1. Does the stretch B:68-112 hold any residues that are more than 14 Å from every other protein chain (Cβ to nearest Cβ) and in contact (Cβ under 8 Å) with a residue 40 or more places away in the chain, and which are they?
2. Could you please tell me which pairs satisfy a Cβ distance under 9 Å, a separation of 6+ or placement on different chains, a first residue in the stretch A:17-44 that is on the phi < 0 side of the Ramachandran plot, and a second residue that is among the β-branched types (Val, Ile, Thr) and surrounded by fewer than 14 Cβ atoms within 10 Å (Cβ to Cβ)?
3. When the residues of the stretch A:72-91 are filtered to those that are within 10 Å of DNA strand C (Cβ to nearest atom) and over 14 Å from the mean Cα position of the chain (by Cα), which remaining residue is farthest from residue A:25 (Cα to Cα)?
4. Could you please find all residues in the stretch B:58-74 being farther than 15 Å from residue B:18 by Cβ and out of contact with any Lys or Arg (no Cβ under 8 Å at 6 or more places or on another chain)?
5. Examine the stretch A:34-54 for a residue that is closer than 30 Å to residue B:33 by Cα, modelled with pLDDT of 95 or more and over 12 Å from the mean Cα position of the chain (by Cα), and state whether such a residue exists.
6. Could you list all residues from the stretch A:28-48 that are buried (at least 20 other Cβ atoms within 10 Å of the Cβ) and closer than 18 Å to residue A:77 by Cα?
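The values are calculated or read from the model by the stated rules, or taken from the named source; none is laboratory data. Not measured: the values here are computed from a predicted model. Ideal geometry is used to build each Cβ from the backbone, glycine not excepted, and the neighbour counts take in all protein chains shown.
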Number of protein chains: 2
Amino acid sequence: MGNQKLYKGSLQTIILKLLEENDKMYGYEITQKVKALTQGELKITEGALYPALHKLEADGLLDVEIAKVGNRMRKYYKLTEQGTKETVHRLAEMQEFLKTMQHLVNPKLSLE
Amino acid sequence: MGNQKLYKGSLQTIILKLLEENDKMYGYEITQKVKALTQGELKITEGALYPALHKLEADGLLDVEIAKVGNRMRKYYKLTEQGTKETVHRLAEMQEFLKTMQHLVNPKLSLE
DNA sequence: ATATTATACATAAGAAAATTATGTATATAT
DNA sequence: ATATATACATAATTTTCTTATGTATAATAT
């Protein structure tokens, strides 16, 4: 860590990608999944996550469904039809970005 | 383009990397170099570039030298000793970030 | 029993880093 | 003459995050 600021701008794409793979997830689950997938390298804070989920929902990319497990609330999010399309688009943009950055910072490793 | 926001947070690292390769460069030259290297994918705006250069200078990572070419001013920037060390560090962080993101958004392509 | 950590949501204040708009000035091409 | 390119700069605003705070339940450790 220490390079957290490089992730700025990529949170929405990460959320969309996880929902593409997992059908439905709740907020806390997303933070844990990301931490696990990145071996602790990326820790999504609540102050970033929840506003991001609310925005994706407001933009029509996510649907929400409230559940109660035991006595505790969960808000499950899933991709809408529009969200599924947008995810494909965002992932393509992310790939393009990663390729470009790789080429910029390490031309030797980006042979093409 | 359209994925410009993904570059948020990486401008300083890009500048440092270019100066590591080119010894000294001036602002406008940096914008043109980046545009060329990325085939127009990334266009650094002046409103982002100049404040970034000033900050890197204020932080002791860059030295500046003013030149006059014809009748026009140029401000050449080069890495300080501290800047050279910091560049190594920033590039390592960038590699780590790119690897992590690649793994997150496209597990199939990041075999390790 | 009690305190800490984990689970689960949320928002507000502030910081960082960009975009967009604007300004100044010289050089070149049509 | 006019538009484009070169070359710097800053201010207002926006986006996106961090940090701090708040509420509440469940599980675990002392």
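1. B:74, B:75, B:76, B:77, B:78, B:79, B:83, B:84
2. From residues that are on the phi < 0 side of the Ramachandran plot, the pairs are A:20/A:88; A:31/A:45.
3. This residue is A:72.
4. B:58, B:59, B:60, B:69, B:70, B:71, B:72, B:73
5. no
6. A:30, A:34, A:44
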